[in-house]
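Computed from the coordinates by the stated procedures, all read-outs in this text should not be read as laboratory data. These figures come from a predicted structure and were not determined experimentally. Because the Cβ atoms are built from the backbone with ideal geometry, glycine has one as well, and the counts that use them run over all protein chains shown.
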Amino acid sequence: MEQITKEEIQRLLPLVSDQRREQAMQYKHLFGQFACLKSYVMLREILEEMGLNHPFVFGQNEHGKPFLVDYPDVCFNISHCKAGIAVAVSDAPVGIDIESYRKVSDSLIRYTMNEEEQHVIQTSEDPVRTFTEYWTKKEAVFKLRGTGITRGLHGLLQGDEQVETWVNPEKRYAYSIAI
């Protein structure tokens with residue numbers, strides 16, 4: 001993330017659509033602008049490697065999940081945090097989430113996790129890491145479903161979705177992909 005400069009943002013701006021430019025510049029901080037632009041440049045590169053033609057026009061469902069207007073059979077999802085940017089592209093619905101480790105309150109754990117998950121987190125050698133793993137799984141499932149974060153957090157991981165999680169303990173982040 002050492003690439004985050006005003007100059008880098010200026011370099012990225014012409015590489016994305018007007019639609020994405022407007023969205024990126026709504027962020028107040030350089031990090032948000034950078035992550036918004038860089039994630040879509042990464043997506044564009046992947047789509048072009050797949051043989052799809054730029055410019056890409058994006059739509060959103062009623063909950064804000066983006067999709068490609070001209071390529072409805074290509075599914076994608078994007079996430080970013082201070083530790084990195086994650087982009088997933090698939091021919092089936094997909095959700096991805098990346099999160100940096102951060103302290104969480106007991107009330108947040110109770111609100112977002114069922115009793116079994118709470119127990120695993122509270123008895124873990126690294127509760128922050130364990131919470132982050134669970135949270136990325138849950139958010140990836142919500143993003144896969146395209147519903148946004150809604151009710152049902154406690155039973156969320158008991159659905160048919162397949163979720164895989166990777167952790168980088170040195171850089172203190174985790175990411176999950178749901179299909």
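Computed values, structure above
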| item | result |
| --- | --- |
| Axial C-alpha extent at least 18 Å, average Kyte-Doolittle at least 0.5 - helices from the chain (DSSP) | 30-49 |
| Separation between Cα centres of the stretch 102-151 and the stretch 58-91, rounded to whole Å | 22 Å |
| Burial ordering of K143, K171, fewest other beta-carbon atoms within 10 Å first | K171, K143 |
| GNM top mover of F31, F142, F76 - the chain, alpha-carbon springs below 10 Å | F31 |
| For the stretch 112-158: rounded, prolate or oblate by the Cα gyration tensor [a/c cutoff 1.5] | prolate |
| Percentage relative contact order, the chain, counting C-alpha pairs under 8 Å, at least six apart | 18 percent |
| Shape call, the stretch 97-178: gyration tensor on alpha carbons, a/c limit 1.5 | oblate |
| Global geometry of the stretch 6-56, whether rounded, prolate or oblate, following the gyration tensor of its Cα atoms and the 1.5 cut on a/c | prolate |
| Least to most buried among D106, D97 (fewest other Cβ within 10 Å first) | D106, D97 |
| Total lysine pairs whose alpha carbons fall under 14 Å of each other in the chain (8 or more apart, or interchain) | 5 |
| Value in Å of the Kirkwood radius, where the chain supplies the Cα pairs that are averaged | 17.3 Å |
